[in-house]
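Reading through the structure tokens given below for one structure.
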Amino acid sequence: MGDRSIKLIVNGYSYNVSVPAETTLLEVLREELQLTGTKFGCDTGECGACTVLIDGRPFRSCMTLAVEVEGKRITTIEGLANGGELHPVQKKFVELQAIQCGFCSPGMILTAVAFLGENPKPTRQEVRRAISGNICRCTGYQKIVEAVIAASKINGGGRK
Amino acid sequence: MHLPHFEITEPRTLDDALLVLSDHEDRIMIKAGGTALIPAMRLGLANPDRVLNISTISDMDKIDRHRDNCISIGANSSLFQVRQSSIIKENFPALVDAVKSISSPSLHHSSSIAGNICQDCRCIYYNQSLTWRALRSKCFKAAGKTCHAVSNGNKCSAVYRGDLAPVLISMSASVVLASFKGKREIPLSQFFKSNGIWPNTLGPAEILTEVVIPIPKSNLKVTFEKVRIRSSLDYAIATGAVSVTTDSEGTCTDCKIVLGALGPGPIESFEAEKIIVGTIPDLAICKRAAKEVINKIHPVANTESTPEHRIELAEFIVVRCLCKALGIGGGD
Ligand SMILES: Cc1cc2nc3c(=O)[nH]c(=O)nc-3n(C[C@H](O)[C@H](O)[C@H](O)COP(=O)(O)OP(=O)(O)OC[C@H]3O[C@@H](n4cnc5c(N)ncnc54)[C@H](O)[C@@H]3O)c2cc1C
Ligand code: SF4
Ligand code: FES
Ligand code: FES
């Protein structure tokens, strides 16, 4: 069998793409839709850099087949801001300098957004645990934890 | 690296899935969340011609009390669902501990309970890229004639590192296996065959559909411990679960001691259990049982830790699990 035509809903826009079964969501986002905010890291599920939200929940797009997410609501880092206004988690990452090279940031931010949806008033320890599947080689995590805690104090911190 | 080419079938019902499995001619593999299978495919360790994506089957992710004194967990239930479920939290807190210890919380949405149980054994000489492996001859697990972990070894000793099977076995769980011919239910302990090449006895046309756990009586306590190098993302280097039932006098009437990540399948030490049963256990008895456990495990140098260290950990884990379950101090 050849490629399959599927309809993806990414950041509220609908896209028609034609892909073989083995194409990952990560490949479609970066190579077909040019949404390169989602990062290509380990490609084996270990780093979290490729995290996107599917129906509001975090998934690793390097391990998700594109054909599986047909019709589901996909949010990438490009679609998190509301109009021109950054999401509270994004704002706090910038303000509190939780971003250095920025490679882990899209996955880290989306993981944090999904987590704040599940647990709107977390402790520092709970935040550490929640982001423990996202590897950052720069910040030492401290400022990331601070940023997530700060975002949790703003209304809408867990808005997806 | 792109995944190798395959075809995909996305059944809506269990019957459709079983039909596909029963008359397939190509190499077919079941995929649930894909968090174990997709990385294995990427490394060239699994090469199906066709992937049967069972996550599209509706109704296979229910957690309920549908039979007398048992809870049933549908095969596709995600680890997130399991750790959030009030029925599970209330009846099986040790299962929740085990789930929480797996990978990292953000991976739990895409990981299923059946995929966890049915995952393959792992080895530091096997779970590597094609390029890495090309530098060595093929080992038994890759259909070769040697083992890189044990010199002159004559079999594969890859390690079963799934965290849920040991704790589920300690709770006397069983699994329902469906094929086109019907269903069979077997104790989870009998599902494993202690073989590094492939750890379980699932037939080629079978799907695991349910995990069934008896609701514990109030005098049954289950505990779980796991040690891994980093406290997130890493697989266990040793893990263990213990269940104990005591009577009103404090005498142990039943005990299960099950270890994981120390061999090609979960390992139950019946001899160690006998040391505990019939006694009012104290720290010394627990330590004696833990010493006995060591006779049953034979780890080899194929994880991130040494066999000697993992043996020490096994002993430590058993003492700790027993003491926690029995409310004895000094287990740390
Ligand atoms: C970074 C990382 C860390 C991890 N850490 C751990 C860990 O600490 N502990 C641990 O136990 N696991 C770990 N895993 C492995 C994996 O994520 C989990 O075991 C998960 O629960 C597997 O579920 P799945 O639905 O993704 O399985 P899949 O990948 O879909 O399937 C795994 C295997 O089970 C078979 N299978 C799946 N469902 C069925 C069924 N219903 N009937 C028959 N066969 C079936 C598949 O054919 C395949 O062989 C880790 C994975 C990653 C990527
Ligand atoms: S234990 Fe030996 S045969 Fe088995 S995977 Fe490791 S190196 Fe290969
Ligand atoms: S790129 Fe997907 S988890 Fe690392
Ligand atoms: S900011 Fe560089 S990896 Fe996290």
| Do we find that B:A238 is touching a residue at least 60 places away in the same chain (Cβ under 8 Å), under 18 Å from B:G115 (Cα atoms) and in contact with a Leu (Cβ under 6 Å, 6 or more places away or on another chain) in this structure? | no
| Checking B:S104 against (1) in contact with a strand residue (DSSP E or B) (Cβ under 9 Å, 6 or more places away or on another chain); (2) touching a residue at least 24 places away in the same chain (Cβ under 8 Å), which single condition isn't satisfied? | (1)
| Only one residue in B:R50, B:R42 is within 14 Å of ligand 1 (Cβ to nearest atom), under 30 Å from B:A134 (Cα atoms) and touching an Asp or Glu at 6+ places or on another chain (Cβ under 6 Å), so which one is that? | B:R50
| note | Within the range A:1-42, the residues that are within 11 Å of another protein chain (Cβ to nearest Cβ), surrounded by 18 or more Cβ atoms within 10 Å (Cβ to Cβ) and among the small types (G, A, S) are A:A21
| Unmet criterion (only one of (1) assigned to a loop (DSSP other than H, G, I, E, B); (2) under 30 Å from B:E10 (Cα atoms); (3) more than 14 Å from every other protein chain (Cβ to nearest Cβ)) for B:A178 | (1)
| A:A21 is checked against (1) within 16 Å of ligand 1 (Cβ to nearest atom); (2) within 15 Å of the chain's Cα centre (by Cα) and fails just one. What number does that condition carry? | (2)
| the range A:33-46, residues that are within 12 Å of ligand 1 (Cβ to nearest atom) and either under 12 Å from the mean Cα position of the chain (by Cα) or at positive phi (or both) | A:D43, A:G45
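Give the number of residues within the range B:206-250 that are basic (K, R), under 19 Å from the mean Cα position of the chain (by Cα) and assigned to a loop (DSSP other than H, G, I, E, B).
1
Among B:S110, B:S103, B:S137, which is of a type outside the set (F, W, Y), surrounded by fewer than 24 Cβ atoms within 10 Å (Cβ to Cβ) and either within 13 Å of another protein chain (Cβ to nearest Cβ) or touching a Leu at 6+ places or on another chain (Cβ under 6 Å) (or both)?
Going through B:S110, B:S103, B:S137 in turn, the sole match is B:S103.
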| field | Cβ pairs under 6 Å, 6+ apart, first in the range B:110-136 and over 16 Å from B:R42 (Cα atoms) and in contact (Cβ under 8 Å) with a residue 12 or more places away in the chain, second among the polar types (S, T, N, Q) and within 16 Å of ligand 3 (Cβ to nearest atom) | value | B:S110/B:T35; B:S111/B:T35
| task | Answer yes or no: is there a residue in the range A:48-60 that is crowded, with 23+ Cβ neighbours inside 10 Å, more than 13 Å from every other protein chain (Cβ to nearest Cβ) and under 26 Å from B:L79 (Cβ atoms). | result | no
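Here is a yes/no grid of residues against (1) touching a Gly at 6+ places or on another chain (Cβ under 7 Å); (2) away from chain A (no Cβ under 11 Å); (3) in contact (Cβ under 8 Å) with a residue 60 or more places away in the chain:
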{"position": "B:F6", "(1), (2), (3)": "no, no, no"}
{"position": "B:L14", "(1), (2), (3)": "no, yes, yes"}
{"position": "B:D26", "(1), (2), (3)": "no, yes, no"}
{"position": "B:M29", "(1), (2), (3)": "no, yes, no"}
{"position": "B:T56", "(1), (2), (3)": "no, no, no"}
{"position": "B:D68", "(1), (2), (3)": "no, yes, no"}
| task | Kindly indicate whether any position in the range B:152-161 is more than 10 Å from ligand 2 (Cβ to nearest atom) and under 25 Å from B:V99 (Cα atoms). | result | yes
| said: All but one of (1) away from chain B (no Cβ under 14 Å); (2) more than 16 Å from A:L53 (Cβ to Cβ); (3) of a type outside the set (D, E) hold for A:C136; state the number of the condition that does not hold. | reply: (1)
| task | List every residue pair whose Cβ atoms sit under 8 Å apart, with the two residues 6 or more apart in sequence or on different chains, where the first one lies in the range A:144-159 and is of a type in the set (S, T, N, Q) and the second, anywhere, is at pLDDT below 75 and part of a loop (DSSP other than H, G, I, E, B). | result | A:S152/A:G158
| Which of the residues belonging to the range B:263-299 are farther than 28 Å from B:I124 by Cα and among the small types (G, A, S)? | B:A272, B:G278, B:A284, B:A289
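Here is a yes/no grid of residues against (1) free of Cβ contacts under 8 Å to residues at least 60 places away in the same chain; (2) touching a strand residue (DSSP E or B) at 6+ places or on another chain (Cβ under 9 Å); (3) within 14 Å of chain B (Cβ to nearest Cβ); (4) assigned to a helix (DSSP H, G or I):
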residue	(1), (2), (3), (4)
A:C62	yes, yes, yes, no
A:E68	yes, yes, yes, yes
A:E78	no, yes, no, yes
A:F93	yes, no, no, yes
A:G102	yes, no, no, no
A:M108	no, yes, yes, yes
A:T111	no, yes, yes, yes
A:L116	yes, no, yes, yes
A:Q125	yes, no, yes, yes
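Yes/no matrix, rows are residues, columns are (1) farther than 23 Å from B:H298 by Cα; (2) touching a helix residue (DSSP H, G or I) at 6+ places or on another chain (Cβ under 7 Å); (3) not in a loop (DSSP other than H, G, I, E, B):
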| residue | (1), (2), (3) |
| --- | --- |
| B:H109 | yes, yes, no |
| B:Y125 | no, no, no |
| B:Q128 | yes, no, no |
| B:T131 | yes, no, yes |
| B:R136 | yes, no, no |
| B:G144 | no, no, no |
| B:A149 | no, no, no |
| B:G153 | no, no, no |
| B:C156 | no, yes, no |
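The values are calculated or read from the model by the stated rules, or taken from the named source; none is laboratory data. Owing to the predicted nature of the structure, the values given are computational and were not obtained by experimental measurement. Neighbour counts are summed over all protein chains in view; Cβ atoms, including those assigned to glycine, are modelled from backbone coordinates with ideal geometry.
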